[in-house]
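What follows is one structure encoded as structure tokens, with my remarks underneath.
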Amino acid sequence: MARTRQDILQELKDHQVRFMRLQFTDILGINKVVELPVTQFEKALDGEIMFDGSSIEGFGRNEVEESDMLLKPDYSTFVIYPRDLEPTTRGTVARLICDIAYPDGKPFEGDPRQVLKRQIERAQKKGFDNFVVGTEVEFFLFHRSPDNSPTTHTNDRTGYFDLAPTDKGEEARRDMVDILVRMGLQIEAAHHEGAPGQHEIDFKYADALSTADNLTTFKFVAKRVAINHGLHATFMPKPIAGTNGSGLHFHLSLFKNGQNAFFEPKGRLEVWPHQLSKTALQFIAGLFDHAEGMAAITNPLVNSYKRLTPGYEAPTSVAWSVSHRSAMIRVPSRRGASTRAEFRFPDPSCNPYLALAVILGAGLEGLESSLTPPPPIERDVYELSVRDRRKYRVSEIPGTLREALEALQKDRVVRNALGEQVYKDFLNAKRVEWDSYRIAVHQWELDQYLAEY
């Protein structure tokens, strides 16, 4: 049952909540909060709390004097943080995720949550009940230095699914899962990943907006719990050279009339013997055709492209498969209500609202344009011949953030999914990031050239 204003006020009173955080994200996916005392709770629930948008990445407007914006809470996101999440905080803390609006109440088009909502509404106009997404989130846990700054050191030497009783990271991961479950999030599994210090937590499928909300919540919880254990949690895609990076795998499906629209039980398309519906194939084709244009959104950092290199289990080519994990898109073996496309390309540094918006936008474009994907690949994509790469229409994922930004500029479908304001603000911010990286002198250059030349 949906919570009402009165329900929330009663919970705040019953749990003696002393502070409320109104949470939102900037266009880069960084969590932002406005924290309020008890005296402002009713005003907050009425959506009357304002903040200065000019100081938030992507929220600035032309006139500084018109920068005020409203925080409009989504009651369904209300949660009270467990006291042991932040043991040093005086009093119980609650949280509401907010949409951003102009002072007159009109939704702010530059709000990432609104960007995703627009694409969900687009899907609903086409008769779909829901865009359903499950997630596998990878991240690293590292030690902190004596001055409390993060390092890239870890004392574990374990790999996939290993059990390491002396590993502080395992204890931290268990606490993360416990707190998330107590906050009402549904966790399917948690385990050690392939690289030392690397972990994964898998979330049960949910509607796309809830999934994005859950990911922003998880990032905060992970970092907070890590601090409690004297560790640093990072969603940086590739913090250590020579080992696996961290991905964010999205498991995608559309539902219509309560049924999974990606499943075709009769398999009437004989050329596609995988019980995938026409909807599924066209959606996959949309992802296929716009993968390069989405890259800057789903993989937004200079560092993202250090992960996307051969040999480290991350996709490097635009390809799809019903079995092989080297492909960018994989269709897991489960069918029926569990039929889905696993999009293995994104990494956890992305803004989940924008990433899911462009993914849904690309998939819907596949449906609207009746696109057809090439045949699925059933062997290692890295080993394909030139001839086979042509047959399967395999192309290369952008190799740098600069290439990804160039692809974004050319992709009208992805730009339209973002909206013109978010597109321009995001592009400008990332151009600055690329230029900063480009002109910096890195340690590799000093090691290679300083003595030699």
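Helical runs (DSSP H, four residues minimum) scored at -39500 (n - 2.57) apiece and divided by the length of the chain put the mean residue ellipticity at 222 nm at -10500 deg cm²/dmol. The share of accessible area on region 1-41 that comes from carbon and sulfur is 53 percent, using a 1.4 angstrom probe.
Pairs exceeding a 24 Å alpha-carbon distance, out of 219/424; 72/204; 32/126; 204/266; 32/430: 219/424; 72/204; 32/126; 204/266.
Annotation note: trypsin sites (Lys or Arg not before Pro) in region 43-144 located in DSSP loop regions with a Cβ neighbour count of at most 10 within 10 Å are 90.
In summary, the aspartates and glutamates within cross-link reach of residue 125, defined as a Cα separation below 17 angstrom excluding same-chain residues under 8 places away, comprise 207, 365, 368. For the chain, the solvent-accessible area of protein heavy atoms averages 45 Å² per residue (probe radius 1.4 Å; ligands and nucleic acids excluded). For region 308-453, the square roots of the Cα gyration tensor eigenvalues, ordered a ≥ b ≥ c, give a/c of at least 1.5 with a/b no greater than b/c, which places it in the oblate category. Taking a ≥ b ≥ c as the square roots of the eigenvalues of the Cα gyration tensor of region 211-339, is the shape rounded (a/c under 1.5), prolate (a/b larger than b/c) or oblate? Here region 211-339 falls in the prolate category. Toward the positive end of the charge dipole of region 1-141, with +1 on the Cβ of Lys and Arg and -1 on the Cβ of Asp and Glu, the farthest Cα among 79, 100, 56 is that of 79.
Quick one: dipole size for the chain, taken about the Cα centre, charges +1 on Lys/Arg Cβ and -1 on Asp/Glu Cβ, in debye to the nearest 20. Mind dumping the intermediate values first?
Values: 56 positive and 63 negative charges, 241 e Å.
Around 1160 debye, computed over the chain.
For region 292-389, the share of accessible area belonging to carbon and sulfur comes to 48 percent (1.4 Å probe, ligands and nucleic acids excluded).
For region 211-300, the set of trypsin sites (Lys or Arg not before Pro) satisfying both a DSSP loop assignment and a count of at most 10 other C-beta atoms within 10 Å is given as 266, 268. Using Cα centres only, tell me the gap between region 359-383 and region 222-245 in whole Å. So the separation of the two Cα centres works out to 32 Å.
What does the charge dipole of region 350-453 about its Cα centre add up to, to the nearest 20 debye, if the Cβ of each Lys and Arg holds +1 and the Cβ of each Asp and Glu holds -1?
440 debye
Calculate, in whole percent, how much of the Cα-Cα pair population of the chain lies beyond 43 Å. Tail of the P(r) past 43 Å holds 13 percent of the pairs.
The values are calculated or read from the model by the stated rules, or taken from the named source; none is laboratory data. Remember, predicted model here, so these are calculated numbers, not experimental data. Glycine gets a Cβ as well: all are built from the backbone with ideal geometry, and neighbour counts include every protein chain shown. Calculation scope for accessible area: heavy atoms of the full protein, side chains included, ligands and nucleic acids excluded. Shrake-Rupley method; radii C 1.70, N 1.55, O 1.52, S 1.80 Å.
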